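See below for the structure under consideration.
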Amino acid sequence: MKTNTPSKLEKILKAGHMAVTSECGPPRGSDPEAITKKAEMIKNHVDAINITDNQTSVTRLCSLAACIRLKLMGLEPVLQMVVRDRNRIALQSDILGAASFDIYNILCLSGDHQQFGDNPQGQNVFDIDSMQLIQMVRLMRDEGKFLGGDDIERPPRMFVGAAANPFADPFEIRVPRLAKKIAAGAEFIQTQCIYNLDKFELWLKQARDRGLHERVFILAGVTPFKSAGMAKYMKNRVPGMDVPDEVVKRMSGVPKEKQAEEGIKICVESIQRLKEVEGVSGFHIMAIEWEEKVPEIVERAGLYPRPSVED
Amino acid sequence: MRLRYPSNIRIILLPCTGKVDVIHLLRAFEKGADGACIVGCLEGECHYNNGNIRARKRVEQVRQILDSIGIGGERVQMYNVSSSEAPRFVKIVEEMTEKIISMGPNPIKIARKRKAA
Amino acid sequence: MIVAKKKPVEEIIEEVKNYEKILVVGCNECVTVCEAGGKKEVAVLASALRMYFMNQGKDIRLDEVTLERQCDHEYLEEIRNIIDQYDAVISLACGVGVQFMAEKYFSTPILPGVDTCFMGAAEERGVWSERCQGCGHCILARTGGICPVSRCAKRLFNGPCGGSTKGHCEIDKDLVCGWQLIIDRLKELGRLEDYEIIAPIKDWSTERAGGPRKVVREDVRQ
């Protein structure tokens, strides 16, 4: 098995196991326990933990520091990095900072527009885009070069990921866009939350038709609904989210006190169905402020225990 | 019908209310008019298609300006009256006259007098 | 054209309230076309200000003039003989005109009467929208004639992002997704396969990032 980095996630995927990742959103404050507690809840049930980077443009403790916390706990972080807030100097600098703590995974993202967050009047950067960030990390890792052309002493060793949203428009370029990210150098993909399984499977089929599933590891994104209200909110308010009517109906169809359980059930069923689909290499479970449910979902979906790989 | 209407109204004839510009109305107030009524054809019956709709938007602009400089936007009002509605025209003029009397004279006129004195 | 919008009268009053002889100067170019700072708007603003100050019991002289352009020496020179009669000028030109006049008439306060917004087109009467940010290196040939810098909220060179929904941008459902437009146009031109070419990292030094810019043409220079 040839790996490009010391990443545990890469090893698990390349060994042919279904990978399981999850995410933790850093706190809106500086309490380290806000991260370590969430990580403690899920650490035995996932292979790696994504740390979001000021998600929805709301100012939070930085992704890099939170990743270092995980690293200090002996866990495997995935550094999420958006191009909204940093120019190419800051991006490269933070990548080196992460590399100095031997953070081995990075997820390259554009980032939500700042209008959604707590500083809608702020400037945005977008010096480079997410596609170019992927290229830049690969340049730094594989050629040991800065964007400016100079050599990097002790280059970063990072398994490079990207996001894919099979549900955004226009649908016809969703697979070409995936191909483009792979061509840019993405080695794994974590998708947007999947509720419309048919559409996801159609997207994946089109990707398979081009052989893309053999060139990248696709981790299907899932998020359990806590309530029918959340389902409606995700359907109507979150851009690029596809929540079919029948899913909303199913959530609304059970009494309020049983909706959380129904949300978990839908999530587990989705994983069980998608596990069988060719081209799905794992799952990315985004239990938003509901991390304590991740172990249960992993166990009920038959993804526990997690495999161990040699360091 | 030879109906009577208040004698303090001066009628300015125009081919269409679409001819009224923001500056015409402002000038009237600058020169001391206490109020202005823009009486156009009924909406949908403009001979020039949408002259009266344009007039309405311009009147709205003038109202905003008069409000922001402390003259009072309510001194300008747009009405749509057809040529066969003479009694309604009279009623509008009376209504407007009453409203303007209750608002008092155009402050510009007072300021001008004060300055001259 | 450069698109601007009128400043609220209240804001202008606040800026000029301590002056007594004011010249309102319009511009006959872009701001006339976008109905923010032409001859008509000059007349309206001057009239409103005259009434305001008259009402305040202040004796103020307010004159009006509209120049062909405020971004060229020769037209700005037209007010050289009268500028000393005023203790302030309100320029209804774009930010370029205001500044150019301020450079020329160094000892007279030149105040802006409009908010300069962007370079854009008149979509329809009363609606103007942005088309160009003057980044200094045009890539429209590669993006089907639609600019990702000015028409994508994240100025992505390899868009669209995951927020594109039914042809609209995630930040505003009335805003068209620039990348949807690019894709539609590439398709129309029979060049959809070009979508998969990765756009290289942009050199922003020709944009604002490179500092105030200048174009020098030795061939036409005197």
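Values quoted throughout were computed directly from the atomic coordinates according to the rules given, and no laboratory measurement underlies them. Everything numeric here is computed off the predicted structure, so don't read it as measured data. Positions of Cβ are backbone-derived with ideal geometry, glycine not excepted, and every protein chain shown enters the neighbour counts.
Shape analysis of chain B places it in the oblate category; the axes a ≥ b ≥ c from the Cα gyration tensor give an a/c of at least 1.5, with a/b not above b/c. In this rough spin-label picture, where each label sits 7 Å from Cα along the Cβ direction, the residue C:132-residue B:60 distance is 3.3 nm.
Once the C-beta distance of residue C:139 and residue C:104 is scaled by a Förster radius of 30 Å, the resulting FRET efficiency is 0.25 to the nearest 0.05.
Would you work out which of A:186, A:166, A:204 lies farthest towards the positive end of the dipole of the stretch A:124-217, given +1 charges on the beta-carbon of Lys and Arg and -1 on that of Asp and Glu, about the Cα centre? The listed residue farthest towards the positive side: A:204. Taking other Cβ atoms within 10 Å as a rough exposure proxy, A:140, A:234 sort from fewest to most as A:234, A:140. Here residue C:207 and residue A:37 are evaluated by their C-beta separation; at R0 = 35 Å the FRET efficiency comes out at 0.20. Pairs of Lys residues in the stretch B:17-116, spaced 8 or more positions apart or belonging to different chains, with C-alpha separations under 30 angstrom: 19 in total. Using a Gaussian network model of chain B with C-alpha springs under 10 Å, which one of B:63, B:75, B:54 is most mobile by mean-square fluctuation? Among B:63, B:75, B:54, the largest mean-square fluctuation in the Gaussian network model of chain B belongs to B:54. Simple spin-label model, 7 Å along Cα-to-Cβ: residue A:289 to residue C:68 in nm? Result: 6.4 nm between the two label points. Under the rule a/c < 1.5 gives rounded, and otherwise a/b versus b/c splits prolate from oblate, where does the protein assembly as shown land using the Cα gyration tensor? Verdict is prolate for the protein assembly as shown. Could you calculate the FRET efficiency of residue B:5 with residue C:61 from 1/(1 + (r/R0)^6), where r is the beta carbon distance between them and R0 is 35 Å, rounded to 0.05? Here the calculated transfer efficiency is 0.35.
Counting other Cβ atoms within 10 Å as a rough exposure proxy, the listed residues C:168, A:284 run C:168, A:284 from fewest neighbours to most.
Between rounded, prolate and oblate, where does chain A land on the alpha carbon gyration tensor, with a ≥ b ≥ c its root eigenvalues, rounded for a/c under 1.5, else prolate if a/b exceeds b/c?
Details: a/c = 1.39, a/b = 1.33, b/c = 1.04.
Because its axes are fairly even, with a/c under 1.5, chain A counts as rounded.
If you take the Cα centroid of the stretch C:101-136 and the Cα centroid of the stretch A:111-173, the two points sit 34 Å apart. Label reach from residue C:77 (point 7 Å along Cα→C-beta): in the stretch C:199-222, amide nitrogens under 18 Å belong to C:221-222.
Site pair residue C:123 and residue C:5 shows an inter-label distance of 1.3 nm when each label is modelled 7 Å from Cα along Cα→Cβ.
Sequence gap at least 6, Cα distance under 8 Å: using those rules, report the relative contact order of the stretch A:1-127 to the nearest whole percent. Intermediate values should be presented prior to the final figure.
Details: 219 pairs, mean separation 31.2, N = 127.
Computed value for the stretch A:1-127: 25 percent relative contact order.
Lys-Lys pairs in the stretch C:1-145 that are eight or more residues apart or on separate chains and whose Cα atoms lie under 16 Å of each other come to 9. Cα centroid separation, the stretch C:10-68 to the stretch A:288-311: 69 Å.
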